[in-house]
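The block underneath contains the structure these notes are about, expressed in structure tokens.
The values are calculated or read from the model by the stated rules, or taken from the named source; none is laboratory data. Model, not experiment: these values are computed from the prediction. Counting neighbours? That spans all protein chains shown, and the Cβs are built from the backbone with ideal geometry, glycine included. Just the protein is used for accessible areas: all its heavy atoms, side chains included, with ligands, DNA and RNA removed. Shrake-Rupley method; radii C 1.70, N 1.55, O 1.52, S 1.80 Å.
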Amino acid sequence: MSLDLRTMMLMISVLTLLLSGLLGMASFQAGNIRGVRLWAMASMCHSLASYIIFAQLPALTNGWIMVWGAVLVMTGSGLQFAGIRAFKEEYIDWRIPLSVVGLAFVLSVWFTFLHYDAAARSIANTLVFALINLICARALLINIEPPLRTAYWFTGASFALLGVASLIRLATIFHAPPDAFVGLYPQVPFIPIRFLFGSLLLMCVPFGFVLMLNYRLILEMQKIALRDGLTGALNRRSLEQEAIRLQARCQRYGDTLAIMMIDVDHFKAINDQCGHQVGDKVLRRLAEVAQNSIRRDDYFARYGGEEFCILLPSTTEEKARVLADRLRQAYASLTMEFGGAVLHSTISIGVADSKRVGLEFNELVSAADKALYHAKQEGRNRVVTHSAIMSSVPELVMPLPE
Ligand SMILES: Nc1nc2c(ncn2[C@@H]2O[C@H](COP(=O)(O)OP(=O)(O)OP(=O)(O)O)[C@@H](O)[C@H]2O)c(=O)[nH]1
């Protein structure tokens, strides 16, 4: 197999240009996902750099081409770094891309025009390139979002390998004989397979970005399907699915499942007096307080209207009552300000567990709902357990028809 360097350079240039277009178009549909446009610009820079090198390979006589080629490569890699930080919604430290580009420019000008040394220039630029790729790998491989793990690992590993490959190239240039550097370009022997491997790694990075974007979009769609748009809590459908799973788990391990039904007191009055938008904000605040009061393995859902539900695995009614009362107090102590007006609101909570009513989800909801009804009847802003109402109120026995 014969691999021609110029053909490969041209293919890289065309492919990165296509990827730049792909990412650019994807950025219009990316909604609030950040960083995609930066990656599109990065691919554009790498494409231009590859084209410049391709066009100049037969006889590189203009030193400035060398300088701008290096600057474009580093600008592309710097933009990739900024894109990663933006995608992860982290602070973009622009000093890193700017330093990398500045270093490439100064070193290339210095070793090309002021103190000519092709070997030193190649070593310096390769070192900077290795560095920025390793920085990108680090930015991807720390604080990984678990659902995007595979895409992050793929892209991060591509960056890391690109960094290592650059260090290997650096060692090759470093150990090359002095007469290997004639003219503007190092005449170190061209090893096609190594170049092909490096080019593939270079391509893997934008492919990794496309994968990351794809995973994130799927995640957003799942979120829309499974969660309530107003409060971010699980919607009723996903709560019912989780309940089936929990029921099986609790049955297998003989665990107790507790449930809380939460309802905002006099919510209609809030809506009527302050408007529906304020009502929506009140629901969001309640959701925030509830999310912050539960464990990671509890399930918080909007059951409907202004009614919420929390499923608590491995929890008895008594423990759930203590938690519910803490939540009730935390919510009641909130001072909500909307357009200069101060609003205090309260919630009532009904609690039940599977020890008394069984693991069937509908039975649990119905028991907690009965307790919630009693909490409302007793004056609101309180927690009532299902066992308390069963011990104090005799069951209504409807006479069967003759
Ligand atoms: N703003 C807003 N209001 C909602 C939403 N969903 C349901 N509601 C309103 O919630 C109110 C519920 O009122 P009711 O069921 O009478 O209950 P309440 O006024 O809270 O009275 P108690 O529960 O007995 O304390 C209704 O006015 C619904 O229109 C929503 O997503 N946003």
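Annotations
- Search result, residues across the stretch 72-95 that are surrounded by 19 or more Cβ atoms within 10 Å (Cβ to Cβ), within 13 Å of Leu38 (Cβ to Cβ) and β-branched (Val, Ile, Thr): Thr75, Ile84
- Subset of the stretch 277-302 (residues that are open to solvent by 30 Å² or more (accessible area, probe 1.4 Å) and within 15 Å of the ligand (Cβ to nearest atom)): Gln277, Asp280, Lys281, Arg284, Arg285, Arg302
- Hits in the stretch 123-160 - residues which are open to solvent by less than 10 Å² (accessible area, probe 1.4 Å) and over 13 Å from Gly208 (Cβ atoms): Ala130, Ile132
- When Ser387, Ser314 are checked against the criterion of being more than 27 Å from Lys268 (Cβ to Cβ), of a type in the set (Ser, Thr, Tyr), assigned by TED's automatic domain parsing to the domain that holds Val282 and open to solvent by 50 Å² or more (accessible area, probe 1.4 Å), Ser314 stands alone in meeting it.
- Members of the stretch 261-288 that are out of contact with any strand residue (DSSP E or B) (no Cβ under 8 Å at 6 or more places or on another chain), among the hydrophobic types (A, V, I, L, M, F, W, C) and over 12 Å from Ile347 (Cα atoms): Ala269
- Scanning the stretch 224-240 for residues that are surrounded by 12 or more Cβ atoms within 10 Å (Cβ to Cβ) and not basic (Lys, Arg) yields Leu226, Asp228, Leu230, Thr231, Gly232, Ala233, Leu234, Asn235, Ser238, Leu239, Glu240.
- Within the stretch 265-293, residues that are within 16 Å of Gly339 (Cα to Cα) reach partners that are of a type in the set (Val, Ile, Thr) and near the ligand (Cβ under 6 Å from one of its atoms) with beta carbons closer than 9 Å, at six or more positions or on different chains, in the pairs Ile270/Val264; Gly279/Val264; Val282/Val264.
- Qualifying helices (runs of 4 or more DSSP H) (wholly inside the stretch 1-111; at least 2 residues being in the same structural domain as Leu141 (by TED's automatic domain parsing) and within 18 Å of Ser199 (Cβ to Cβ)): 5-28, 36-56, 63-87
- Single condition Asp325 does not satisfy, out of (1) part of a helix (DSSP H, G or I); (2) over 19 Å from Val365 (Cα atoms): (2)
- Residue within the stretch 339-351 that is closer than 18 Å to Ala243 by Cβ, more than 16 Å from the ligand (Cβ to nearest atom), within 33 Å of the chain's Cα centre (by Cα) and in contact (Cβ under 8 Å) with a residue 40 or more places away in the chain present: no
- Hits in the stretch 64-120 - residues which are in contact with a Ser or Thr (Cβ under 6 Å, 6 or more places away or on another chain) and modelled with pLDDT under 95: Met66, Val67, Ala70
- Within the stretch 242-276, considering residues that are more than 16 Å from the ligand (Cβ to nearest atom) and open to solvent by 60 Å² or more (accessible area, probe 1.4 Å), the one nearest to Val365 (Cα to Cα): Ile244
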